[in-house]
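Here the structure is laid out as structure tokens; the discussion comes afterwards.
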Amino acid sequence: MSGSDPGFAGGAEAALATTVCPVPPEQRPLQEYEQLLASWFFLWPSTTAIALLRPLLISWLLALLPSLLVAGGSYSLRHDPPLLVLNAMLAALLLPLLLLLRQWLGWSYVRRRLQSERVEYEESGWYDGQVWEKPLAWRQRDLLVARHQVAPVLQRLRQAVLLILAMLLLGTGGCQLL
């Protein structure tokens, strides 16, 4: 077992350190992943389901009052308080759903970049796109991060979206019953 073999941990680290990468640091997939982790917004789903649900609940509560005011403008809803509240609660679910969609787009973009064999980047602007093929050691490291760090985040986001969609469907059914 040689320390210089890139297949082993020590050799892989040495291969990563000696590889010259033309991609600007802020456009490298691993740095993009770290930027997401440094963002308070994208950090929500990266730890636990509770850490994701808490800000979503707060955003739902913040959207509830304006939803009640808008739903209160309807003459038929104004005279049916349970239906008014249920409609406002359903409408307020749109804000958390949009927040989840934005998070899904950010995390899936980073996963796609981590899983790719090539890195597309721009040296100075949109007009000079370049492509750099990742060395094997970089690909292995990025795949590990994509599978073991980013995939669980996307799973939590998927579960949260499904939960909100189920609540919307049940609430819509409840509105039909009332």
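Could you tell me whether any residue of the range 90-104 is within 17 Å of LEU168 (Cβ to Cβ) and outside any helix (DSSP H, G or I)? Yes, some residue in the range 90-104 is within 17 Å of LEU168 (Cβ to Cβ) and outside any helix (DSSP H, G or I). Among the residues of the range 18-36, just one is in a loop (DSSP other than H, G, I, E, B) and either touching a His at 6+ places or on another chain (Cβ under 6 Å) or of a type in the set (D, E, K, R) (or both), namely ARG28. With respect to the conditions (1) touching a Lys or Arg at 6+ places or on another chain (Cβ under 9 Å); (2) in a loop (DSSP other than H, G, I, E, B); (3) of a type in the set (Ser, Thr, Tyr), SER124 lacks only one, and its number is (1).
Considered as a group, the residues in the range 37-78 that are within 21 Å of the chain's Cα centre (by Cα) and β-branched (Val, Ile, Thr) include one that is nearest to LEU98 (Cα to Cα), and that residue is ILE58.
Quick grid of which residues meet (1) within 24 Å of the chain's Cα centre (by Cα); (2) at pLDDT below 95; (3) exposed (fewer than 13 other Cβ atoms within 10 Å of the Cβ); (4) of a type in the set (Gly, Ala, Ser):
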| position | (1), (2), (3), (4) |
| --- | --- |
| PRO6 | no, yes, no, no |
| GLY10 | no, yes, no, yes |
| ALA17 | no, yes, yes, yes |
| GLN35 | yes, no, no, no |
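Looking at TRP132, TRP138, just one residue is under 17 Å from GLU117 (Cβ atoms), at pLDDT below 95, assigned to a helix (DSSP H, G or I) and not basic (Lys, Arg), and that residue is TRP138. Reported count of residues in the range 150-170, each being within 16 Å of LEU114 (Cβ to Cβ) and either surrounded by fewer than 16 Cβ atoms within 10 Å (Cβ to Cβ) or in contact with a Ser or Thr (Cβ under 7 Å, 6 or more places away or on another chain) (or both), is 5. Residues that are charged (D, E, K, R), in contact (Cβ under 8 Å) with a residue 40 or more places away in the chain and surrounded by 18 or more Cβ atoms within 10 Å (Cβ to Cβ) do not occur anywhere in the range 67-82. Going through (1) assigned to a helix (DSSP H, G or I); (2) farther than 20 Å from LEU157 by Cα; (3) of a type outside the set (A, V, I, L, M) one by one, ARG113 falls short only on (2). Here's a check for you: in the range 37-58, which residue that is of a type in the set (Val, Ile, Thr) and part of a helix (DSSP H, G or I) is modelled with the highest pLDDT? The extreme case among them is ILE58. Scan the range 141-178 for residues that are farther than 30 Å from GLN31 by Cα and in a helix (DSSP H, G or I) and the total you get is 15.
The values are calculated or read from the model by the stated rules, or taken from the named source; none is laboratory data. Because the structure is a prediction, the values reported are computed rather than measured. Cβ atoms come from the backbone with ideal geometry, glycine included; neighbour counts cover every protein chain shown.
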